[in-house]
1. Just to be sure I follow the definition: excluding the sites themselves, where is the longest run in chain B that has none of the GluC sites (Glu not before Pro) in a DSSP loop with at most 15 other Cβ atoms within 10 Å?
2. For a quick protection proxy, order the peptides A:130-142, B:124-136, A:45-57 by their average other-Cβ count within 10 Å, most packed first.
3. How big is the antiparallel share of DSSP beta bridges in the protein assembly as shown, given as a percent to the nearest 5?
4. From the residues A:LEU74, A:PHE47, B:ALA24, which one has its Cα farthest along the dipole of the protein assembly as shown in the positive direction, the dipole being from +1 and -1 charges on Cβ of Lys/Arg and Asp/Glu about the Cα centre?
5. Relative to the longest principal axis of chain A, what angle (0 to 90°, nearest 10) does the C-alpha long axis of helix A:60-76 take?
6. Evaluate peptide B:121-131: per residue, the Cβ atoms of other protein chains within 10 Å of its Cβ; return the mean as an integer.
7. With +1 on the Cβ of every Lys and Arg and -1 on the Cβ of every Asp and Glu, and nothing else charged, how large is the dipole of the range B:48-96 about its Cα centre, in debye rounded to the nearest 20?
8. Assuming R0 = 56 Å, can you tell me the calculated FRET efficiency for the pair A:ILE67 and B:SER66, based on Cβ-Cβ distance, to the nearest 0.05?
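Taken together, the values in this text are just the output of simple stated rules run on the coordinates, not laboratory data. Predicted, not measured: the structure shown is a model, and the values here were computed from it. Cβ placement follows ideal geometry from the backbone for every residue including glycine, while neighbour counts extend to all protein chains displayed.
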Amino acid sequence: MSYTKLSGSGLLMTLFPGLRTKLYLGTDHLLLIEQLILVERYKRFYFRDIQVITATQTSRWLVFGAIWSFLALLAALSFFVHNPVAVATGTLFTALFGFAFVHNMIQGPTCIVRFQTAVQTHRIAPLERIRDFRKGMEIIEPLIQTAQLANTPPPNRNA
Amino acid sequence: MLAKLTCPHCSESLPIDLFVAGQAGRCPACNSQVEAYIFPEFHKDSSIPPEIRLAPEHEAACYFHSRYRAVNPCDNCGRFLCEICTINVGSRQLCAECLSQLRKQRNEAGLVHHSALFDNVALFLVTAPVITVFFCFLTILSAPVSLFLSVYYWSRQWNLLPRSHFRFVLAILLSLLLIAFWVFLIYYIATGRR
């Protein structure tokens, strides 16, 4: 079975090895891969089982934006110190936090995405940017609609 | 029982007619913006029990319940199954035995739900003690173990989606470096004492 990557975890999570989540598109299901340090867990959401997909806007991106900008400004204070080592270190950290800030702003608003089936409601971390969610839904929604309209009611081959 | 749509923020029930696909609605209780895509499966009544019919004479009966009429064959083993025994997994219909087997089957057709990341284990064994500094001495044991794991699982590690060998290569290089360091240190101490 071939899988196409829909979305991965964000920049922050990519930096922590062993705490990544990725969402892949299969032929009849979505595959959520949750990596927990030394183990990889696979969760399959079949198109025919998904009842609702909800997304709620959050202010997480603003909070992270504030944190990154504060850290970048804090690191930039080293420019006032007349010490080449301090300036070099400060430049490095300012660039690092500045990049994180810009990346966070470019990625755009965050949201909480949940897939609801008859037996569970699961949070889908890889789609938790509004932009990724919209892009993902453009692909997923028609596939779910097609699968559910074609498969209702469940086939009864001998009846 | 019909499925319920609830607000992810306050868990209050949301009226379905509030939502149009791709457009956000506001929760009447907490006023948070919620976008919901509702699919036909949502409107299905899950409280309706499966229809079970007794198998008339000369008609196929369920492999597990000989009194019940078979409605589907298992897509994996071909056994006849009644409504109770049929498990829908995507487009496949399976019996409980086959589902259990497929959850252990490590190939693309299987339904395996987890796999170990031996490349991460090997890398962890050589990097974690060094990073902590205090436990650096543990690398005398962990480096050979890491080297063994990297070589042994080089072609044996199985994951649903293929992974690169980058971590294995890194673990081998680091463990060789650490082993060389310990050999040198032991040799130095041994010759220094003479």
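1. B:109-194
2. A:45-57, A:130-142, B:124-136
3. Values: 47 of 47 bridges.
Here the antiparallel bridges make up roughly 100 percent for the protein assembly as shown.
4. Of the listed residues, the answer is A:LEU74.
5. 20
6. Rounded to a whole number, the mean comes out at 1.
7. In debye, rounded to 20, the range B:48-96 gives about 100.
8. 0.30
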